[in-house]
Amino acid sequence: LVTPLSSEGQLLPVQQRQMDLKADVSTAMVTELSPKTDYSLTVYAMYPGLIGDSATIKVKTTPLPEVSNFRVIEEGLFSLRLGWTPPQGKLNGFKIFIPRSNRPGFIYEQLLPRDISSHVIDSLEEDKKYTVSIYAVYPEGPSKPVSVVGKTLKLVPVHQFLVQNATTDTVQARWASVKGATGYRLTWASTEGHIENINLGDNFNFYMIQGLHTGSEYTITINPIFGDIEGPITTAKIKTLESSSVQTLKVSAVSTSTAVVSWNSVPGATGYRLAWRPTPEFVGRDRPRQLALNTSTTQYQLKNVAHDTEYVLTLYVLFGAAVGPGIAATFRTSPLGYVSNFKVTSYTSTTIDVAWSPIVGATEYKLSWKTDNSKPQVQYLDRSILFHRLKDLNPRSTYTVTICAVYGNSEGPEISLSHDFEFIMMREVKVEDIGVNSFTLSWKKAPGASGYKISWIPFLGGDEKSHVVSADFASYTIRNLRESSAYKIQVSSMVGSREGSAVLVTARTLDLPKVEGFVALNTTDNSTVLNWTRVAGASGYRLSWRHISVFDTKTEILGPGFTYYKISDLLYGRTYLFTIRPLYGEVEGPISTMYQRICKTLSKLFD
């Protein structure tokens, strides 16, 4: 017999029910009970025509599973977003409600379907605490409710609003984020009555206001936005500087590890800040660095920069604690030089004389030599030495001689040549002419040679190519080379199919021509006309521009006949970066760069 008990512990016979079990059953599952209810369970032994002894126990069913992890996900000015974890079991749904504090009833109640786990309660009052409850609805009835306390946001102003770092045409605004704000409205007004504003997203806490007038006082205000509601206004005042910025920034005397930076003096400046770092293509080659310089300094030598690396450097003018606008330029350090004109000048049965041309910046030279079956011997030579005699060599052997320039603790690229004591030696091998895509070589004819083999390979690696000419030749032009690239070139004499010792020379093809005379003319409040000098041989031009504070770049591909182009829809008072490259088929030439502020004509070409 299954009999529920009242709250006082009395049996409720009306709700009693009976279960008949077989004689061999010793366990049974009692179902369809009410949750959180006391029951009396009695088992009787049944005999034919008789009822035997009974045993009774009292049990209590567990309550229905509650909603768990009930929490406030997001607080708004007039809303609360709540979330929860649904309980296990068969649900009909949920009921969420806010009871009244002073009388029966609800401020809010809503029945929700069983397949959701979050809900937004809106139309609440600003800056008020609410106790929100929820329970799960089962076929058997509701679970015990659970509650959470949430508080709507208060309509507050922006705190810690700082307007600082004024320059001649910009100021920087910073502020602390406001909880729950969906954005901010920043407004600036001059004393002459000119007003501008911008709406910013909730992730902003910094903005540089540009296009301001020199030496003018501005009132800057900011207020948080909560959806369609605007919060209180916070105000600050600031005056732009009357001093100008650096107009000319040059980089000169660039070597493998140094460069000289110079600029024009700025009246009224209290100092300068110079920063330099590798461009994105060369990140990792060196670390970003910066230093402060006094107002009398207009030239500085950068030292210990990485070789063969492109840098961007920026110079800022300092006016006390304020930082003026920056001006930028790029430069690329020279690669570690390779030894050129490395050759055998004479030899005997046991000696080889080698010579080479001097390398700027080298501190010494490392010379090594070996045969195929021996370990290399090494000799370090002072940078003033351009000749060395290898002695006590094995007759009738082929030696490989290698040399590289040493720059402090770094070694430049190696170049090698081989010498066979039994063969005709090439003499007076030199590069007569260098072009963008070609070299012309010449040499002194070798008696007894049946021809000459010319081989070339890019210095930084690649496929080696060669060509054999007859004994009548004393010069040869290598074509179809890559521009701005160094090559190792070997010339050796041939006797039949045998190849003699090669003389090695190095050379670098010329750079592709760049755009010259890149300037901005006829600049208006929202446009500018860019002019340049036509580049001979160019198949077109790639012209790009962007606002200096954003990375979104616009690009136009122009034909070879263009020497000017008008760009419209620019923002008044803003500074733009313009770049142009000549195109040679699918190859892009060097870049020319210019900064231009859209309000007056002021341009500078950086090499």
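Summary table below
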item: FRET efficiency estimate (nearest 0.05) - Cβ-Cβ, residue 72 to residue 103, R0 30 angstrom; result: 0.75
item: Cα-derived Rg to Rh of the range 519-606, Kirkwood definition; result: 0.96
item: Eligible aspartates and glutamates near residue 391 by straight Cα distance, threshold 19 Å, same-chain separation 8 or greater; result: 353, 372, 382, 420, 422
item: DSSP bridge orientation in the chain - percent antiparallel, rounded to nearest 5; result: 100
item: The range 161-263 shape via C-alpha gyration tensor axes, a/c threshold 1.5; result: oblate
item: Cα gyration tensor shape for the range 343-508, rounded if a/c is under 1.5, else prolate or oblate; result: oblate
item: Normalised contact order of the range 67-216, rounded percent, pairs of Cα under 8 Å and 6 or more residues apart; result: 20
item: Normalised contact order of the chain, rounded percent, pairs of Cα under 8 Å and 6 or more residues apart; result: 6
item: Label zone at residue 464, where the point sits 7 Å out along the Cα-to-Cβ direction: the range 328-350 residues whose backbone N lies under 19 Å; result: 339-344
item: Rg/Rh ratio calculated on Cα atoms of the range 309-396 (Kirkwood radius); result: 1.35
item: By average C-beta atoms within 10 angstrom, highest first, the peptides 440-452, 190-202, 273-285; result: 440-452, 273-285, 190-202
item: Cross-link partners of residue 250 among lysines (Cα-Cα below 18 Å; sequence separation of 8 or more within a chain); result: 303, 514, 604
item: Burial order of peptide ranges 551-564, 512-525, 57-70 (average beta-carbon count within 10 Å, highest first); result: 512-525, 57-70, 551-564
item: Net charge contributed by nearby residues that have their C-beta within less than 14 Å of residue 456 (K/R +1, D/E -1); result: +4
item: Protection-proxy order for peptides 78-90, 491-503, each taking the mean of Cβ atoms within 10 Å per residue, highest first; result: 491-503, 78-90
item: Contour minus Cα-Cα distance for residue 239 and residue 23 (0.36 nm per residue); result: 67.7 nm
item: Spherically averaged projected area in nm², based on the convex hull that wraps the Cα atoms of the chain; result: 54.5
item: Taking 404, 599 and counting other C-beta atoms within 10 Å, the order from fewest to most; result: 599, 404
item: Percent RCO, i.e. relative contact order, over the range 162-239, from Cα pairs under 8 Å lying at least 6 residues apart; result: 35
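We did not get these values from a lab; they are worked out from the coordinates using the rules stated. As the structure is a computational prediction, the values presented were derived from the model and not from experiment. Heads up, the Cβs are rebuilt from the backbone with ideal geometry, glycines too, and the neighbour counts pull from every protein chain shown.
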